[in-house]
Amino acid sequence: MNYTTPEKEGISSVNIKKYIDILEEHQLSTHNIIMMRGENIFFEKYWEPFYPEFLHRMYSVTKSIVSLAIGFAQQDGLLELDDPIVQYFEEAKALQVDENVKKQTIRHMLMMSTAKSTGGWFSNAKGNRVRCYFENENPSREPGVRFEYDSCGSFVLGALVERLTGMTLLEYLRIKLFDKIGVSKEAHFLKCPGGHSWGDSALLCQPRDLLLIARFVMNGGKWNGEQILNEAYISAAISKQIETWEEGSAKDYKSYGYGYQIWRTLDNSYAFYGMGCQYAVCVPDKDLIFIYNGDNQGHEKAEDIVIENFFECIARRVSDIPLEANPKAEEMLKQPKKLMCAKGDVHTELQEKINGVVFKMQPNRMNFTEISLHFAEDVCSFQYINEQGGKKLLFGMGENVFDYFPQEGYSKDVGSEWTNGHYYRCATSAAWVSENKLHIKVQAIDEYFGRMDIILEFIDESTVEMNITKTAEYFFDEYFGSAIGRK
């Protein structure tokens, strides 16, 4: 990969800054952005504490990588896309009598047009997730007709690759693709109950790794002149195989159809997409690739803001010839960026009156028994007692403090399996949104991303109302609810 300036690639640095300003005006939690045209990276930025070698959770971008693994398995003669999935899983043959499921093919699963709606699997955490998929008792329909997002089906496709190859998904992809294009040695998949790789949601890799994979796909399966994956599969994977828009509904960037685990999107483009705004957007007509990673779970309009403004500010304004150099604007793009934090005042008169005061909490679903705030010039703390005992959450006023979230036991290598002694890294900040209301913002930034907002509203100096909301997949559950506390 080569590095160059935006203007040399026909892109205005001013427009890139405008785009970043829009993201920050909407208080998006951006972790990194990379933009490439041809073989040249013309913009790359990481928001503190993120950095180029950080192994970022890619969530459902993982599905697009599994699609490539299926393509290699087909190329190796291990499967055909129109094979029924049940023929590869003995547990499916034994459990499944539904004729629609029996007709469901690998191609149907790639297209998200499976026979049944599937729910979450976290509640079945202790079992085998493959069995969970085929034990699904929901009503069925003719496969191949209707698009309905089936994350569990994507997991099963990854499990299929592992069964057919006798390798883990990572081992197979390393041989077929990753090592050939230079994906970092540290990239890996988390696991699921039952032993298979978490192929629908849990690739961890560097943002540049994702850029390499996107470039490989944009090259039609070629790398350094070698046709690694046949172009026919790549072409089908990025083409519209099924409609995602229903007549009468509003159109958005995901309304342009779906290929093989890859979304069609604006302006004849396609995208790998993951929860919280993980993106690799490929714009063939401009030979342009856009990588965005962040955690905007729970932000209702974040996806549209990220994608639509990228096209409006960048992709649709690309020039076919280099632009005049703009050193001043280019220098502005080099300014350091910090992760989004809580917004508001960093001090109120109430602060001194409640500093260190212990509030006894009335009975509540979170089982908090007492809380207290401790303010200091640099690092402050929210201290509390819950079912695990005494806890201390560090935060900064108007800035992030990077530490570990004090709740012990959240999942690590295996999804939904709690791990003794394990804590998630987090960024925590706070600000007064009014004279008597403090907002503490928690952002988990580890193998798992999640967001939590703690609102402490002081009715008076002796009474506090605490409301906590969270957007996180199967953790922070103990921190969702309300409680009243008295001095």
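The values are calculated or read from the model by the stated rules, or taken from the named source; none is laboratory data. Keep in mind that this is a model prediction, so the values were computed, not measured. Neighbour counts run over all protein chains shown; Cβ positions are idealised from the backbone, glycine included. Note: accessible area is taken over every heavy atom of the protein model, side chains too, but ligands, DNA and RNA are not part of it. Shrake-Rupley method; radii C 1.70, N 1.55, O 1.52, S 1.80 Å.
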Next item on the list: Identify, from the list ILE34, ILE70, the residue that is open to solvent by less than 10 Å² (accessible area, probe 1.4 Å), farther than 26 Å from ASP150 by Cα and touching a helix residue (DSSP H, G or I) at 6+ places or on another chain (Cβ under 8 Å).
Entry: ILE34
Checklist line | Single unsatisfied condition, GLU303 versus (1) in a loop (DSSP other than H, G, I, E, B); (2) in contact (Cβ under 8 Å) with a residue 12 or more places away in the chain; (3) not polar (S, T, N, Q) | finding: (1)
Checklist line | Residue within the stretch 120-140 that is of a type in the set (Lys, Arg), within 27 Å of GLY276 (Cβ to Cβ) and assigned to a helix (DSSP H, G or I) present | finding: yes
Notebook entry, point to check: Just to be sure, is LEU438 buried (at least 20 other Cβ atoms within 10 Å of the Cβ), out of contact with any Ser or Thr (no Cβ under 7 Å at 6 or more places or on another chain) and either touching a residue at least 12 places away in the same chain (Cβ under 8 Å) or assigned to a strand (DSSP E or B) (or both)?
Noted result: yes
Item checked: Entirely in the stretch 310-428, the strands (runs of 3 or more DSSP E) that have 2 or more residues that are of a type in the set (A, V, I, L, M) -> 358-361, 370-374, 389-397
Check: Is there a residue in the stretch 95-110 that is more than 30 Å from ILE445 (Cβ to Cβ), open to solvent by 50 Å² or more (accessible area, probe 1.4 Å), more than 26 Å from the chain's Cα centre (by Cα) and of a type in the set (S, T, N, Q)?
Finding: no
Checklist line | Considering residues of the stretch 348-368 that are under 34 Å from the mean Cα position of the chain (by Cα) and not aromatic (Phe, Trp, Tyr) only, the residue surrounded by the most Cβ atoms within 10 Å (Cβ to Cβ) | finding: MET366
Note to self: I need a count of the residues in the stretch 23-80 that are under 30 Å from GLU7 (Cβ atoms) and among the small types (Gly, Ala, Ser).
What the structure shows: 2
Notebook entry, point to check: Considering only residues of the stretch 323-347 that are open to solvent by less than 70 Å² (accessible area, probe 1.4 Å) and of a type in the set (D, E, K, R), which is farthest from GLN407 (Cα to Cα)?
Noted result: GLU330
Notebook entry, point to check: When you look at GLN74, is it touching an Asp or Glu at 6+ places or on another chain (Cβ under 9 Å) and either hydrophobic (A, V, I, L, M, F, W, C) or in a helix (DSSP H, G or I) (or both), yes or no?
Noted result: yes
Check: Do we find a residue being part of a loop (DSSP other than H, G, I, E, B), open to solvent by 20 Å² or more (accessible area, probe 1.4 Å) and not aliphatic (A, V, I, L, M) anywhere in the stretch 82-92?
Finding: yes
Item checked: Filter result (within 16 Å of ALA342 (Cα to Cα) and buried (at least 18 other Cβ atoms within 10 Å of the Cβ)) within the stretch 448-470 -> GLY450, ARG451, MET452, ILE454, LEU456, ILE468, LYS470
Check: Restricting attention to the stretch 119-134, and to residues there that are out of contact with any Pro (no Cβ under 9 Å at 6 or more places or on another chain) and at pLDDT 85 or above, which single residue is surrounded by the fewest Cβ atoms within 10 Å (Cβ to Cβ)?
Finding: ARG131
Next item on the list: Return only the number of the condition from (1) open to solvent by 10 Å² or more (accessible area, probe 1.4 Å); (2) on the phi < 0 side of the Ramachandran plot; (3) touching a residue at least 40 places away in the same chain (Cβ under 8 Å) that ASP21 does not satisfy.
Entry: (3)
